[in-house]
Amino acid sequence: MQHDLFAAGRAEADPAVLQPLPLADADLRFAPQWVPADQAAEWFARLRDDTVWTQPSTRVYARTVPVPRRLAWVGDVGYGYSGLRHDAAPWTPLLAAIRARVEAACGQSFNGLLLNYYRDGRDRMGWHSDDESVLGRNPVIASLNLGGTRRFDLRRRGEHRIAHSIDLGPGSLLVMGGATQHHWQHQIARTAKEVLPRINLTFRRIGEIGKGGPGGAAP
């Protein structure tokens, strides 16, 4: 893994401003402290307590197993991926306000939000690309992280070796765009380390209602 590659050249950068990350065949931007710590902690507590979380099941190698994290989908349209179907819950005032701030930072509008709640190190997200057809050819995925820090791994599609990793800490914002999903997969791996609960908000734009293809659901 080459975590230092992502840290290189950013020592003097404003941690609240999105900065490009040097990943080939991709467009990644990252702000490690996009939201101040106290505000990130407040948002985490409110979303943890006020969100209607679900834990659906999915088919894995002919077995039905629970998804290894809690989920919620908020948006203007429904969303389906990997055999799961989410009906849209309405935007709350808090989530609408967060969306507006993320849109301003990214220069991109979003009509859907997937929330993932990782309760401890056993909760995880497997290898995937966010390449569902409803997201368009070169989707922009904005990932806001609240609560505990988890490691975000990247590998080339078709390879098994982790090529790069980055710690997604509380208040950090990672934006993936361009051809990223064509060339790279990402994961949040299970860990035996003691980690704090984490909520990840992944904003996206859905192009067609009611359709979903193969792929994943961001980190």
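The values are calculated or read from the model by the stated rules, or taken from the named source; none is laboratory data. If you're wondering where the values come from, they're calculated on a predicted model, not measured in any experiment. Cβ: placed from backbone, ideal geometry, glycine included. Neighbour counts: every protein chain shown. With ligands, DNA and RNA removed, areas are computed over all heavy atoms of the protein, side chains included. Shrake-Rupley method; radii C 1.70, N 1.55, O 1.52, S 1.80 Å.
Details
- Checklist (1) farther than 21 Å from R101 by Cβ; (2) open to solvent by 40 Å² or more (accessible area, probe 1.4 Å) applied to P170, failing item: (1)
- Test result for V17, closer than 16 Å to M176 by Cα, in contact with a Leu (Cβ under 7 Å, 6 or more places away or on another chain) and either modelled with pLDDT of 95 or more or open to solvent by 30 Å² or more (accessible area, probe 1.4 Å) (or both): no
- Hits in the stretch 39-79 - residues which are at pLDDT 95 or above and among the acidic types (D, E): E42, D49, D50
- Of the candidates S165, S143, the single residue that is hydroxyl-bearing (S, T, Y), in a strand (DSSP E or B), farther than 17 Å from W43 by Cα and touching a residue at least 24 places away in the same chain (Cβ under 8 Å) is S165.
- From the options L114, L174, residue that is part of a strand (DSSP E or B) and either among the basic types (K, R) or under 17 Å from L71 (Cβ atoms) (or both): L114
- Exactly one residue out of R122, R155 is open to solvent by 10 Å² or more (accessible area, probe 1.4 Å), of a type in the set (D, E, K, R) and not in a loop (DSSP other than H, G, I, E, B), and it is R155.
- V65 being in a strand (DSSP E or B) and open to solvent by 10 Å² or more (accessible area, probe 1.4 Å): yes
- Selection from the stretch 32-62 of residues that are open to solvent by 90 Å² or more (accessible area, probe 1.4 Å) and without any contact (Cβ under 8 Å) to a residue 24 or more places away in the chain: D38, E42, D49, Y61
- Lone unmet requirement of (1) touching a residue at least 40 places away in the same chain (Cβ under 8 Å); (2) closer than 15 Å to R205 by Cβ for N116: (2)
- Residue match in the stretch 141-148 (condition: modelled with pLDDT of 95 or more and open to solvent by 10 Å² or more (accessible area, probe 1.4 Å)): yes
- Among the residues of the stretch 84-107, just one is within 16 Å of the chain's Cα centre (by Cα) and either within 22 Å of L154 (Cα to Cα) or in a loop (DSSP other than H, G, I, E, B) (or both), namely C106.
- Condition check for Q181: without any contact (Cβ under 8 Å) to a residue 60 or more places away in the chain and either open to solvent by less than 10 Å² (accessible area, probe 1.4 Å) or assigned to a helix (DSSP H, G or I) (or both): yes
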